[in-house]
1. How high is the relative contact order of the chain, given as a whole-number percent (alpha carbon pairs under 8 Å, six or more residues apart)?
2. Would you mind giving the average projected area, over all directions, of the Cα convex hull of the stretch 40-94 in nm² with one decimal?
3. Can you list the HN-Hα couplings for the stretch 93-108, worked out from phi with the Karplus curve (6.51, -1.76, 1.60; θ = phi - 60°), rounded to whole Hz and with x for Gly and Pro?
4. Return one number: the angle in degrees, 0 to 90 and rounded to the nearest 10, between the long axis of the Cα atoms of helix 65-81 and the longest principal axis of the Cα atoms of the chain.
5. How would the stretch 1-83 be classified by its alpha-carbon gyration tensor: rounded, prolate or oblate, with rounded meaning a/c under 1.5 and the a/b versus b/c comparison settling the rest?
Amino acid sequence: MTHASNDSAGCLFCKIATGKIPSKKIYEDDDVFVFHDINPWAPVHFLMVPKEHIESLVFVQEQHSVLLGKMLVLAPKLAAQEGLRMEGDGGFRIVINSGKEGGQEVFHLHIHVMGGPRPWKRG
Ligand code: AMP
Ligand code: ZN
């Protein structure tokens, strides 16, 4: 079985990243696609996915270091762009559910970025 590949067959987030399924896109480049979560926990809640189909953090390899670093560096920039405060009491929350016991439901690696005034619906 291939856990990290460009094989997108049947994968929801591959279909979103290629535009086959519509989403509320925030950002896109050659490696990364970012869109609003359909069921937000917080006033701002978006998902960052690599365009490469990597099943989860469980399956990342050395070769993915640059990609993952790039995504984490991008996260606060997009969070600010989406209106989240970075100064004072501001901030944001990053969640990467990994594997079934880790609470992962969609098996294409994704970074949740959540923020905004509390209380939140969840989290
Ligand atoms: P996880 O439990 O980490 O796998 O989270 C999957 C996330 O994907 C959940 O927060 C869902 O609300 C979100 N989600 C599922 N389908 C879609 C969709 N079509 N567009 C945007 N977000 C989605
Ligand atoms: Zn995928």
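Quick note: the coordinates plus some simple rules give every number you see, no bench work behind them. Bear in mind that the values here come from a model prediction, so they are computed numbers and not experimental data.
1. Relative CO of the chain lands at 31 percent.
2. Answer in nm², one decimal: 4.7.
3. Result, ordered by residue: 10, 10, 10, 10, 5, 10, x, 4, 5, x, x, 6, 10, 10, 8, 9 Hz.
4. Roughly 30 degrees between the two axes.
5. oblate
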